[in-house]
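Right, one structure below, let's go through it.
Laboratory data are not the source of any read-out in this text; all were calculated from the coordinates shown. No experiment lies behind these values; they were computed from the predicted model shown. Because the Cβ atoms are built from the backbone with ideal geometry, glycine has one as well, and the counts that use them run over all protein chains shown.
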Protein chains: 2
Amino acid sequence: MKGKGSRFERDLIAELWKNGFAAVRVAGSGLSHFPCPDIVAGDGKMFFAFEVKMRNSLPLYLSNDEVENLLEFSKSFGAQGFIALKLPRKKWKFFKVEDLRETIKGYRIDEEIYATGKDIFDLRKLSFS
Amino acid sequence: MKGKGSRFERDLIAELWKNGFAAVRVAGSGLSHFPCPDIVAGDGKMFFAFEVKMRNSLPLYLSNDEVENLLEFSKSFGAQGFIALKLPRKKWKFFKVEDLRETIKGYRIDEEIYATGKDIFDLRKLSFS
């Protein structure tokens, strides 16, 4: 599972570079006691922190801890925090925390939320606006 | 050697957080075919990319490739690139590429250059100016 996760993260890294963002994978995000995302990216104007998820199907559930970790890092670093979600045979989709659906224990991306997700071109547009 | 390098990098990460910068270690910087530094940090205003080095004594030699990799990443990401150098019983010192001494094959930090190095408080000041 770790290897599979890394492969998807590398895939997103390549996608980000191709679209004009310098991107790096974060080492040992699970081990550090400082908040940290899976990927950090920037293009000189905009900076992004990504929590990377891949699922075979929706919904995707996120714990409060995961979401708070992303928000805390993003705020300290000066990045926009996004959940990056890969579904089979779909392009990467990106979600801000405020766009997620809250559940009792955390957050959820269901079909309806998924349909509102941004793609990588929307991220580029953020940088030009 | 890899483990020792990681330990020093984690030490610098902690130092950066303590001084108000969100910082992450970059995964597999040697493996990626994209340019990437050892550490990326930011505080909402300034963004830094660090190539991390530890030596028992000076001079420190850097290859053209290492330096170009740092410059290329920093420019694409929108970060200030620094060489972070740890000597025994000394605090971290930070050097911009333009402050290094050029050699035939690359760059060097000798005693004279070392004396001009910035400390972590200088990095903070950069962020406030």
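On average, how many beta carbons from a partner chain sit within 10 Å of the beta carbon of a residue in A:70-77? Mind dumping the intermediate values first?
Numbers: counts 0, 0, 1, 4, 3, 2, 9, 10.
Per residue, the number of nearby Cβ atoms from other chains is 4 on average.
Counting other Cβ atoms within 10 Å, keep those with at most 16, restrict to DSSP loop, and tell me which chymotrypsin sites (Phe, Trp or Tyr not before Pro) in the range A:1-102 are left. Write out the running numbers ahead of the final one.
Details: sites: A:F8, A:W17, A:F21, A:F47, A:F48, A:F50, A:Y61, A:F73, A:F77, A:F82, A:W92, A:F94, A:F95; in loops: A:F21, A:W92.
Sparse-neighbourhood loop chymotrypsin sites (Phe, Trp or Tyr not before Pro): none present.
Report the FRET efficiency, 1/(1 + (r/R0)^6), for A:N64 and A:D11, where r is their Cβ-Cβ distance and R0 is 30 Å, rounded to 0.05.
Numbers: r = 28 Å, r/R0 = 0.92.
So, using R0 = 30 Å, E works out to roughly 0.65.
For the range B:2-128, what Kirkwood radius comes out of the mean inverse Cα-Cα distance, in Å? Intermediate results must be reported in sequence, preceding the final value.
Details: mean 1/r = 0.0681 Å⁻¹.
When all Cα pairs of the range B:2-128 are included, the Kirkwood radius is 14.7 Å.
Mind putting a number on the dipole of the protein assembly as shown about its Cα centre? Charges go on the C-beta only, +1 for Lys and Arg and -1 for Asp and Glu, and I need it in Debye to the nearest 20. Mind dumping the intermediate values first?
Values: 44 positive and 36 negative charges, 102 e Å.
Dipole of the protein assembly as shown, to the nearest 20 debye: 500 debye.
Count, for each residue of A:78-87, the Cβ atoms from other chains sitting within 10 Å of its Cβ, then give me the mean as a whole number. Numbers along the way, then the final one.
Values: counts 8, 4, 0, 0, 0, 0, 0, 0, 0, 0.
Mean partner shielding for this stretch: 1.
Which distance in Å, rounded to a whole number, links the C-alpha centroids of the range B:37-94 and the range A:47-125?
Cα centroid of the range B:37-94 versus Cα centroid of the range A:47-125: 31 Å apart.
Using DSSP, restrict attention to beta bridges with both residues in the range A:2-128 and report what percent are antiparallel, rounded to the nearest 5. Present the calculation step by step, with values, prior to reporting the outcome.
Details: 18 of 25 bridges.
Of all bridge pairs located within the range A:2-128, approximately 70 percent are antiparallel.
For n ≥ 4 DSSP H runs only, could you compute -39500 (n - 2.57) per run for the protein assembly as shown, divide by its residues and tell me the 222 nm figure to the nearest 500?
That comes out to -10500 deg cm²/dmol.
What average count of beta carbons from other chains do you get within 10 Å of the Cβ of residues in A:13-23?
3
Please list the equivalent ellipsoid semi-axes of the protein assembly as shown, computed as the square roots of five times the alpha-carbon gyration tensor eigenvalues, in descending order and whole angstrom.
On the way: eigenvalues 246, 63, 55 Å².
After diagonalising the Cα gyration tensor, the semi-axes are 35, 18, 17 Å.
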